[in-house]
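Structure record follows, encoded as structure tokens.
The values are calculated or read from the model by the stated rules, or taken from the named source; none is laboratory data. Model, not experiment: these values are computed from the prediction. In this analysis, Cβ positions are derived from the backbone assuming ideal geometry, glycine residues included, and neighbour counts consider all displayed protein chains.
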Amino acid sequence: MKSYRKELVFHTPTRRAFINITPNIEQCLKESGIKEGLCLVNAMHITASVFINDDEPGLHRDFEKWLEKLAPEKPYSQYAHNGYEDNADAHLKRSIMGREVVVAVTDGKLDFGTWEQIFYGEFDGKRDKRVLVKIIGE
Ligand code: ZN
């Protein structure tokens with residue numbers, strides 16, 4: 001069995017952002033040389049997500065509005081966690097949007113359903129954050 005590991009780094013200029021990282025993951029798969037297997041992609045930080053959905057700007061605005069309703073960033077004083085930091089909302093948003101995705105690798109390609117794309121979801125940005133890519137197979 002072959003095994004491939006890589007850390008990708010993202011640094012968003014804004015506190016929150018969604019980035020389509022599908023091309024980055026396709027590049028990793030190419031580098032791995034693996035044709036049949038599984039590809040795991042996970043955020044290595046507890047205030048960021050990796051998730052699969054549609055690359056449609058309206059939907060991304062809907063996610064932003066929905067997450068702000070569920071876990072508004074401000075006022076910071078509403079969260080117990082914010083005695084130490086100001087990012088309680090980011091922890092909560094990350095929990096909702098998820099830590100990782102696993103995509104099947106078939107015939108050297110990511111075996112997506114229709115419209116599926118992989119996104120990095122940043123909820124406490126403006127600094128370097130890492131994403132782990134692990135691919136195993138033959
Ligand atoms: Zn925190």
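Residue-wise test of (1) within 20 Å of the chain's Cα centre (by Cα); (2) surrounded by fewer than 19 Cβ atoms within 10 Å (Cβ to Cβ).
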| site | (1), (2) |
| --- | --- |
| K6 | yes, yes |
| T14 | yes, yes |
| T22 | yes, yes |
| K35 | no, yes |
| T47 | yes, no |
| Y84 | no, yes |
| N87 | yes, no |
| R99 | yes, yes |
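Can you name every residue in the stretch 24-33 that is under 20 Å from the mean Cα position of the chain (by Cα) and among the acidic types (D, E)?
Answer for the stretch 24-33, where residues must be under 20 Å from the mean Cα position of the chain (by Cα) and among the acidic types (D, E): just E26.
Of the residues in the stretch 69-93, how many are within 11 Å of the ligand (Cβ to nearest atom), among the acidic types (D, E) and in contact with a helix residue (DSSP H, G or I) (Cβ under 7 Å, 6 or more places away or on another chain)?
1
Kindly indicate whether any position in the stretch 42-62 is within 16 Å of the ligand (Cβ to nearest atom) and touching a Leu at 6+ places or on another chain (Cβ under 6 Å).
Taking every residue of the stretch 42-62 in turn, at least one turns out to be within 16 Å of the ligand (Cβ to nearest atom) and touching a Leu at 6+ places or on another chain (Cβ under 6 Å).
Based on this model, can you work out whether N24 counts as closer than 28 Å to K134 by Cβ, within 16 Å of the ligand (Cβ to nearest atom) and of a type outside the set (D, E, K, R)?
Considered against the rule, which asks whether it is closer than 28 Å to K134 by Cβ, within 16 Å of the ligand (Cβ to nearest atom) and of a type outside the set (D, E, K, R), N24 comes out as no.
Looking for whichever is modelled with pLDDT of 95 or more and within 14 Å of G98 (Cβ to Cβ) here; the options are A48, A17. Which one fits?
A48
Quick check: anything in the stretch 129-138 of a type in the set (A, V, I, L, M), surrounded by fewer than 18 Cβ atoms within 10 Å (Cβ to Cβ) and more than 19 Å from Y4 (Cα to Cα)?
No; the residues of the stretch 129-138 include none that is of a type in the set (A, V, I, L, M), surrounded by fewer than 18 Cβ atoms within 10 Å (Cβ to Cβ) and more than 19 Å from Y4 (Cα to Cα).
Here are the criteria: (1) closer than 19 Å to T22 by Cα; (2) touching a strand residue (DSSP E or B) at 6+ places or on another chain (Cβ under 7 Å). Tell me which single one P57 does not satisfy.
Against the list (1) closer than 19 Å to T22 by Cα; (2) touching a strand residue (DSSP E or B) at 6+ places or on another chain (Cβ under 7 Å), P57 comes up short only on (2).
For the stretch 101-118: of the residues being more than 25 Å from K2 (Cα to Cα) and in contact (Cβ under 8 Å) with a residue 12 or more places away in the chain, which is farthest from the ligand (Cβ to nearest atom)?
W115
A quick yes/no check of all residues on (1) under 27 Å from K74 (Cα atoms); (2) of a type outside the set (D, E, K, R):
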{"position": "Y4", "(1), (2)": "no, yes"}
{"position": "H11", "(1), (2)": "yes, yes"}
{"position": "R15", "(1), (2)": "yes, no"}
{"position": "S32", "(1), (2)": "no, yes"}
{"position": "C39", "(1), (2)": "no, yes"}
{"position": "A48", "(1), (2)": "yes, yes"}
